[in-house]
Amino acid sequence: MDSPLLGVYNPISLNIKYGEDNYLFTDKKEKYLDTYSGIAVNILGHRHPVIDQAIQTQSQKYLHLSNVFESSVQNDLAKQLINKTHMSKVFFSNSGTEANEAALKIVRKWGHSIHPNKKEIIAVNQAFHGRSSAGMALSNPRETLKEFAPLLGSINHVKFNDINHLKEQVSENTCAIFLELIYGSGGLDHLTHEFLAQVSLLAKQYHFLIVVDEIQTGLYRTGPFLATFDTPLNPDIVTLAKGIGGGLPLGATLVNEKLKNILVPGDHGSTFGGNPLACALGDAILNHMDQAFLDKVNDAIIYLNHQMKTLKHMYPLTIKQLKGKGFMRGIEVGEYAAYIQQEALKHHVLFNTVQNTTLRLLPALTFNKTHIDQMVNVLRIIIDPLEKRLS
Ligand code: PLP
């Protein structure tokens with residue numbers, strides 16, 4: 001049947017009836033292991049009791065009030081985020097793109113407050129920051145984006161991890177740099193410690209802001225609450241989205257003390273931003289992620305690391321490289337990515353791929369040894385004959 005929807009996606013042909021834990025069930029009662037959790041959104045898996053309970057509780061009160069009212073659920077979630085990140089204030093929106101859009105407005109207004117020419121923004125090649133006009137302009141300047149020109153101006157890209165290029169690009173007119181620490185859509189490569197240390201130094205020298213897009217890396221996905229905590233960075237702005245709404249659309253832009261008064265009423269806003277139901281789910285999932293929960297996540301990550309290394313050791317010709325960190329991982333298999341994805345589907349394991357070369361794992365944080373074993377066994381079944389052919 002011809003789809004009534006604009007063809008911007010390429011959906012797989014499974015009719016999902018419901019999800020439970022880390023599995024999706026089809027209309028034919030088939031059960032599929034989900035290794036990417038709605039692209040890092042269903043952070044506790046499907047139909048988690050904590051989320052069900054939060055939906056019940058909040059839906060008895062109200063679904064939407066508008067930002068004309070102060071909302072206690074927004075405040076509760078904002079306080080938790082501030083506690084966990086040591087930032088000062090939060091702006092809630094509906095998506096990652098919008099979280100970055102707010103960040104962009106904040107850095108531009110801050111730049112203007114210093115000097116009218118302090119408006120240049122630096123982003124890094126291969127990064128992904130969203131698909132709005134600002135998101136496209138910040139993201140990797142791919143050829144195809146030219147079809148949407150003119151893109152938002154005064155945004156310059158530096159080569160990936162290229163310190164010399166970075167030094168050439170920054171000046172007194174730089175107001176901010178946007179960073180994605182591990183490239184979610186770009187193939188799971190990461191910015192090096194050396195590059196990030198230089199960013200920190202240059203930010204002090206040229207007095208510009210550091211914005212870290214933690215939309216995919218945040219919420220304990222790479223180990224700590226923010227991936228930034230494992231770097232030399234001290235960001236001025238952090239953006240979050242994906243799992244933060246427990247499955248509902250929610251974005252968050254967190255700013256430090258220096259920026260907390262930059263925006264004033266009328267500068268920015270959103271009808272739906274910080275929707276009470278989404279905030280209630282966000283608050284509930286963060287409450288649920290106590291030390292006992294995080295210890296389990298850590299054990300599962302250690303086990304996944306071990307299993308991935310074993311796979312790489314067994315199949316060095318098919319598996320070119322292991323990338324990423326924690327529960328944000330890439331298995332680079334070059335030209336075999338689509339084939340492995342298709343074959344895995346026959347074995348009822350759902351894989352996501354990026355860059356046509358890499359299987360991207362973004363499981364729920366509830367992914368455990370049983371799920372990992374199932375996934376790895378299926379990879380073995382598929383890769384074993386490939387490797388034999390190659391050797
Ligand atoms: N930034 C990063 C790092 C992302 O991974 C994404 C989405 O994949 C975005 C921004 C855009 O987020 P959204 O699709 O919620 O607008």
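For the reader, a short list of remarks on this structure follows.
- Close pairs from region 318-340: first over 19 Å from ASP34 (Cα atoms), partner of a type in the set (Asp, Glu) and open to solvent by 10 Å² or more (accessible area, probe 1.4 Å), Cβ under 8 Å, at least 6 apart: THR318/GLU387; ILE319/GLU332; LYS320/GLU332; GLN321/GLU332; LEU322/GLU332; LYS323/ASP189; LYS323/GLU332
- As a summary of the residue check, THR366 satisfies the conditions (1) open to solvent by 10 Å² or more (accessible area, probe 1.4 Å); (2) assigned to a helix (DSSP H, G or I) except for the one numbered (2).
- Scanning region 232-255 for residues that are among the polar types (S, T, N, Q) and open to solvent by less than 30 Å² (accessible area, probe 1.4 Å), we see that the one that is farthest from the ligand (Cβ to nearest atom) is THR253.
- Residues of region 97-135 that are in contact with a Leu (Cβ under 8 Å, 6 or more places away or on another chain) and either open to solvent by 70 Å² or more (accessible area, probe 1.4 Å) or within 9 Å of the ligand (Cβ to nearest atom) (or both): ALA99, ASN100, LYS105, LYS109, ALA127, HIS129, GLY130, SER133.
- Condition check for GLY334: in contact with a strand residue (DSSP E or B) (Cβ under 9 Å, 6 or more places away or on another chain) and surrounded by fewer than 17 Cβ atoms within 10 Å (Cβ to Cβ): yes
- Scanning region 178-190 for residues that are at pLDDT 95 or above, more than 16 Å from the ligand (Cβ to nearest atom) and assigned to a loop (DSSP other than H, G, I, E, B) turns up nothing.
- Some residue of region 205-212 being closer than 30 Å to ALA54 by Cα, within 11 Å of the ligand (Cβ to nearest atom) and open to solvent by 10 Å² or more (accessible area, probe 1.4 Å): no
Okay, residues lined up against (1) open to solvent by 30 Å² or more (accessible area, probe 1.4 Å); (2) assigned to a loop (DSSP other than H, G, I, E, B); (3) more than 12 Å from the ligand (Cβ to nearest atom):
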residue	(1), (2), (3)
LYS167	yes, no, yes
ALA176	no, no, yes
LEU202	no, no, yes
VAL264	yes, yes, yes
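- Answer from LEU14, LEU24 - the residue that is surrounded by 19 or more Cβ atoms within 10 Å (Cβ to Cβ) and within 27 Å of ASN356 (Cα to Cα): LEU24
- Given (1) in a helix (DSSP H, G or I); (2) away from the ligand (no atom under 16 Å from the Cβ); (3) within 30 Å of GLU168 (Cα to Cα); (4) in contact with a helix residue (DSSP H, G or I) (Cβ under 9 Å, 6 or more places away or on another chain), index of the condition ALA78 fails: (3)
The values are calculated or read from the model by the stated rules, or taken from the named source; none is laboratory data. Everything numeric here is computed off the predicted structure, so don't read it as measured data. Here the Cβ is made from the backbone with ideal geometry for all residues, glycine too, and neighbour counts use every protein chain on show. Please note that ligands, DNA and RNA were not included when accessible areas were found on the heavy atoms of the full protein model with its side chains. Shrake-Rupley method; radii C 1.70, N 1.55, O 1.52, S 1.80 Å.
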